[in-house]
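Trainee: Once you've had a glance at the structure underneath, I'll fire off some questions.
The values are calculated or read from the model by the stated rules, or taken from the named source; none is laboratory data. Bear in mind the structure is a predicted one, so any value in this text is a computation, not a measurement. All Cβ positions, even for glycine, are placed from backbone atoms using ideal geometry, and neighbour counts span all protein chains on display. We work out accessible area using only protein heavy atoms, side chains counted, and drop any ligands, DNA or RNA first. Shrake-Rupley method; radii C 1.70, N 1.55, O 1.52, S 1.80 Å.
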Amino acid sequence: QVFEPTGSPGTQTIWTWNKPVGAKMIHFWGYSAGGGGGAGAVRALESNASGGGGGSAGSYFDVWLPAAVVPETMQVRVGRGGAGGAPQSSPGGNGLIGQNGGGTFLIGPTLGSKITSNSGTGGAGGTSLTSNGGGGAWGYSQGPANSGSGGAGSLVNGNNGSSGGNNWGYTATGGGGGAGLQANSVTGYQGGSGGENNNSGVNPGGSRGNPGTTSGAGNGGDGQPTMAAGIGGGGGGSSTTGNGGKGGNGSAYGAGGGGGGATRNGYTSGGGGNGADGICVITAHF
């Protein structure tokens, strides 16, 4: 059975699962949801303005259990991805933080503990200082399995704070940081790319948002889904003469959203991209 969330961003959807009669082994796998990216800051010309931090990815679990130790009925909770921080238009305003993703849990009275996968955390909103990305989530079902953290929103080129890829084929990656502006910057800068899976370039992260022009900065690219895990969205570019670029959305399942780019007073900063939803799949083997 496949369980996917249907509620509001950052929440959990709850189902009841019943063990099939005659099953010998039960396989549980899934992801918790990724965190949303933070929005970029809006600042005056003489001030620093950082981009929003990228959201971190949710964690992964993969567990086989003898059917005899699995309860007849279990509660399954699967989380929605966290929403990205909303764009900021107030002069001198800080970017809003991204929302945490919802965790994925299976709760059974005779298991002794939860099979759990911790959710991704949202990226920080841009300020006059470098903005932090969300930290990687940890899963506890078969020992810790760290997923990709979100990139920090940089004061200049957000690519410097992009999310690192990871070497796990089944863990999702975080979102790239949004680009910022230093005091008296003449032009905008590129956002950070989303984390790539396996550091191989085969599953690259969401693309970097381009620097801004009079028409505004480029948006970060959405992460592309793979056969294994979700890929983080790219960070939005910053602009001195237009709106900041929006962070890209994380792809299913479990990836983080990219951070939004910063801008100057009189324009609107880039909002953060949304984190991807979680999932849980339960398979009975006879």
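Trainee: Kindly provide the set of residues from region 259-279 that are in a loop (DSSP other than H, G, I, E, B) and farther than 30 Å from Thr171 by Cα, ordered by number. So that I can check it myself, show each step before the final result.
Mentor: Of all residues in region 259-279, those in a loop (DSSP other than H, G, I, E, B) come to 259-262, 265-278.
Listed by number, the residues that qualify are Asn265, Gly266, Tyr267, Thr268, Ser269.
Trainee: Hey, does region 37-53 have a residue that's closer than 25 Å to Asn118 by Cα, in contact with an Asp or Glu (Cβ under 9 Å, 6 or more places away or on another chain) and not hydroxyl-bearing (Ser, Thr, Tyr)?
Mentor: Taking region 37-53 as the starting set, the residues that turn out to be closer than 25 Å to Asn118 by Cα are 37-39, 52-53.
Pick out the ones that are also in contact with an Asp or Glu (Cβ under 9 Å, 6 or more places away or on another chain) and you get none.
Within region 37-53 (the criterion being closer than 25 Å to Asn118 by Cα, in contact with an Asp or Glu (Cβ under 9 Å, 6 or more places away or on another chain) and not hydroxyl-bearing (Ser, Thr, Tyr)), the answer is no, since none of the residues qualifies.
Trainee: Which one of these is at pLDDT below 90 and open to solvent by 10 Å² or more (accessible area, probe 1.4 Å): Ala284, Ala228? Steps first, please.
Mentor: Values: Ala284 fails: at pLDDT below 90.
After applying the criteria, what remains is Ala228.
Trainee: Tell me, which residue of region 140-152 that is hydroxyl-bearing (Ser, Thr, Tyr) and crowded, with 24+ Cβ neighbours inside 10 Å is modelled with the lowest pLDDT? Working first, answer last.
Mentor: Taking region 140-152 first, the residues hydroxyl-bearing (Ser, Thr, Tyr) are 140-141, 147, 149.
Still in the list and also crowded, with 24+ Cβ neighbours inside 10 Å: 147, 149.
Values: Ser147: 72, Ser149: 81.
Only one residue tops the list, namely Ser147.
Trainee: Turning to a different aspect of this structure: Counting only residues that are touching a Leu at 6+ places or on another chain (Cβ under 9 Å) and aliphatic (A, V, I, L, M), which one in region 64-82 is surrounded by the fewest Cβ atoms within 10 Å (Cβ to Cβ)?
Mentor: Start the filter on region 64-82 by keeping residues that are touching a Leu at 6+ places or on another chain (Cβ under 9 Å), which leaves 65, 69-71, 74-77.
Among the residues that remain, those that are also aliphatic (A, V, I, L, M) are: 65, 69-70, 74, 76.
Details: Leu65: 14, Val69: 11, Val70: 21, Met74: 22, Val76: 22.
Selected residue: Val69.
Trainee: Also, quick follow-up: Which pairs turn up if I take residues in region 49-63 that are under 15 Å from Thr171 (Cα atoms) and open to solvent by 10 Å² or more (accessible area, probe 1.4 Å) and look for partners that are β-branched (Val, Ile, Thr) and not in a strand (DSSP E or B) with beta carbon separation below 9 Å, at least 6 apart in sequence or on another chain?
Mentor: From residues that are under 15 Å from Thr171 (Cα atoms) and open to solvent by 10 Å² or more (accessible area, probe 1.4 Å), the pairs are Tyr60/Thr171.
Trainee: Of all the residues that make up region 265-274, how many are touching a Gly at 6+ places or on another chain (Cβ under 9 Å), of a type outside the set (Val, Ile, Thr) and open to solvent by 10 Å² or more (accessible area, probe 1.4 Å)? Please lay out each step first, then the result.
Mentor: Step one: filter region 265-274 for residues touching a Gly at 6+ places or on another chain (Cβ under 9 Å), giving 265, 267-274.
Now drop any that are not of a type outside the set (Val, Ile, Thr), which leaves 265, 267, 269-274.
Among the residues that remain, those that are also open to solvent by 10 Å² or more (accessible area, probe 1.4 Å) are: 265, 267, 274.
Selection size over region 265-274: 3.
Trainee: Right, next: Would you check if Gly248 is of a type in the set (Gly, Ala, Ser) and closer than 20 Å to Asn184 by Cα?
Mentor: Values: of a type in the set (Gly, Ala, Ser): yes; closer than 20 Å to Asn184 by Cα: no.
It is false that Gly248 is of a type in the set (Gly, Ala, Ser) and closer than 20 Å to Asn184 by Cα.
Trainee: To continue, here is another question. Any idea which of Ala41, Ala137 is at pLDDT 85 or above and crowded, with 20+ Cβ neighbours inside 10 Å? Walk me through how you get there before you give the answer.
Mentor: Working: Ala137 fails: at pLDDT 85 or above.
The unique qualifying residue is Ala41.
Trainee: Restricting to region 66-93, name every residue that is in a loop (DSSP other than H, G, I, E, B) and closer than 18 Å to Gly35 by Cβ. Show your work before the answer.
Mentor: First pass over region 66-93, keeping only residues in a loop (DSSP other than H, G, I, E, B): 70-72, 80-93.
Hits for region 66-93 are Arg80, Gly81, Gly82, Ala83, Gly84, Gly85, Ala86, Pro87.
Trainee: Please determine, by comparing only the residues of region 12-32 that are in a loop (DSSP other than H, G, I, E, B) and modelled with pLDDT of 90 or more, which one is least open to solvent (accessible area, probe 1.4 Å).
Mentor: Looking only at region 12-32, we keep the residues that are in a loop (DSSP other than H, G, I, E, B), and these are 19-24, 32.
After this cut, where a residue has to be modelled with pLDDT of 90 or more as well, the list is 19-24.
Working: Lys19: 34, Pro20: 48, Val21: 140, Gly22: 42, Ala23: 17, Lys24: 131 Å².
Ranking the qualifying residues of region 12-32, first place goes to Ala23.
Trainee: Also, quick follow-up: How many of the residues making up region 47-86 are modelled with pLDDT of 90 or more and polar (S, T, N, Q)?
Mentor: Matching residues across region 47-86 total 3.
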